[in-house]
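Following: one structure in structure tokens, then a few remarks.
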Amino acid sequence: MVGAFQRIPMVMPATDILMSAQRKSRNVPPTKGIQNIAKRERNKGAKQLDALMKELSVPLRTYTENFPRRRDLHPYERSLIELTFGEGYYEKVLGRVDALRKKITSVGKQHASVCAKSLTKREAEERLTEGRKELEEVFQRGQNAIEDLINVAKALRSMPVVDPHIPTLCLVGSPNVGKSSLVRILSTGKPEVCSYPFTTRGILMGHIVSNHERFQVTDTPGLLTRHDGQSDFPY
């Protein structure tokens, strides 16, 4: 079934995830009823570190679990991913996001455990500060993976949706030979048309209705002949 790209989750920018996590975790209070100052402070510190860890890692888990696995996609959508990003890039980005999630979880649990063993109020405060700093640094070092995932999501949502049950015409050929002009004339598609080659840089769709029958037409980037004699996309 096609249409998986329209169901992928929205990805928050890394800065927004971090700011939200910082704000929410700082508002976590200690467990009620703890009278001892040192115990109350270490309880609060451990809970805030645990909250920061979860607020940073849960969105990442949501992304990795809800972006479609390529093996589950329709062959057409798998081909779009490969043509758009190159072999393996999609999986690599998701893998980097998941690796960041695992690192945050590991660091967060470690610091929360250390903070929970503090003997004094001052020690608990220091452990909380240290834990916050390292968690935030780990997240910031890995935030490029999130930005890459945002770009992947934008590209996927802009992909054309094809109904495999409707006859499809795919226009393939050299650059600047009129493929896009033909799509504009014959179908509902409105690809950009210019007098220079490589105007079309993605796959665009249009529809044609003739004698009460509906057809899909696909405009594609121009093909080049490589030095080895094979044709390939310009990107």
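Highest average first, the peptides 11-24, 89-102 ordered by how many other beta carbon atoms sit within 10 Å of their residues are 89-102, 11-24. Amide H contacts of residue 217: 169, 206, 207, 208, each under 5 Å away and 5 or more positions distant or on a separate chain (H built 1.01 Å from N in the peptide plane; Pro and chain starts excluded).
Using 0.36 nm per residue and subtracting the Cα-Cα separation, the extra length available between residue 10 and residue 87 on full extension is 25.4 nm. Here the residues 104, 150, 37, ranked from fewest to most Cβ neighbours within 10 Å of their Cβ, fall in the order 37, 150, 104.
Label positions at residue 20 and residue 155, each projected 7 Å from the Cα along the C-beta direction, are separated by 2.5 nm.
Since every read-out is calculated from the coordinates, none of them should be taken as a lab result. All values reported here derive from a predicted model rather than from experimental measurement. Every residue, glycine among them, receives a Cβ derived from its backbone with ideal geometry; neighbour counts consider all protein chains shown.
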